[in-house]
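Asks: Dropping a structure here in structure tokens format, bear with me for questions.
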Amino acid sequence: IKEERTEFFNKIHGAIYSYDVGSRKPEIEIYKTALSKTDTKPENALFIDDLEENILAARSINIDAIHYVSYDNLIENLKERHLL
């Protein structure tokens, strides 16, 4: 499982840090900044978080979001989206 987790995280590029942006989850501005910095439309983004309030905030601006509850559940959700 460790190798699978490493493989997944190696596919993620870039990071947005709240101290750089001046906003933090679940404030909408941090999601908008992430979209802007990556030149990504909300409908082309995927947000994964373990807190439901952060998921709801992302979804409120049309970002697809997965509520992380377990590794297996995350893998299932990614497979449903044909991302794995």
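Asks: Can you tell me which residues in region 17-71 are among the aliphatic types (A, V, I, L, M) and touching a residue at least 24 places away in the same chain (Cβ under 8 Å)?
Replies: If the condition is that a residue be among the aliphatic types (A, V, I, L, M) and touching a residue at least 24 places away in the same chain (Cβ under 8 Å), then Ile28, Leu35, Leu46, Ile48, Leu51, Leu56, Ala57, Ala58, Ile61, Ile63 are the ones that fit.
Asks: Go through region 32-49 and give me each residue that's outside any helix (DSSP H, G or I), more than 10 Å from the chain's Cα centre (by Cα) and acidic (Asp, Glu).
Replies: Asp39
Asks: Any residue at all in region 20-31 that's part of a loop (DSSP other than H, G, I, E, B), modelled with pLDDT of 95 or more and among the acidic types (Asp, Glu)?
Replies: Scanning region 20-31 turns up at least one residue that is part of a loop (DSSP other than H, G, I, E, B), modelled with pLDDT of 95 or more and among the acidic types (Asp, Glu).
Asks: Among residues belonging to region 27-84 that are among the small types (Gly, Ala, Ser) and surrounded by 15 or more Cβ atoms within 10 Å (Cβ to Cβ), point out the one that is nearest to Gly14 (Cα to Cα).
Replies: Step by step, filter region 27-84, then rank; the result is Ala34.
The values are calculated or read from the model by the stated rules, or taken from the named source; none is laboratory data. All values derive from a computational prediction rather than experimental measurement. Counting neighbours? That spans all protein chains shown, and the Cβs are built from the backbone with ideal geometry, glycine included.
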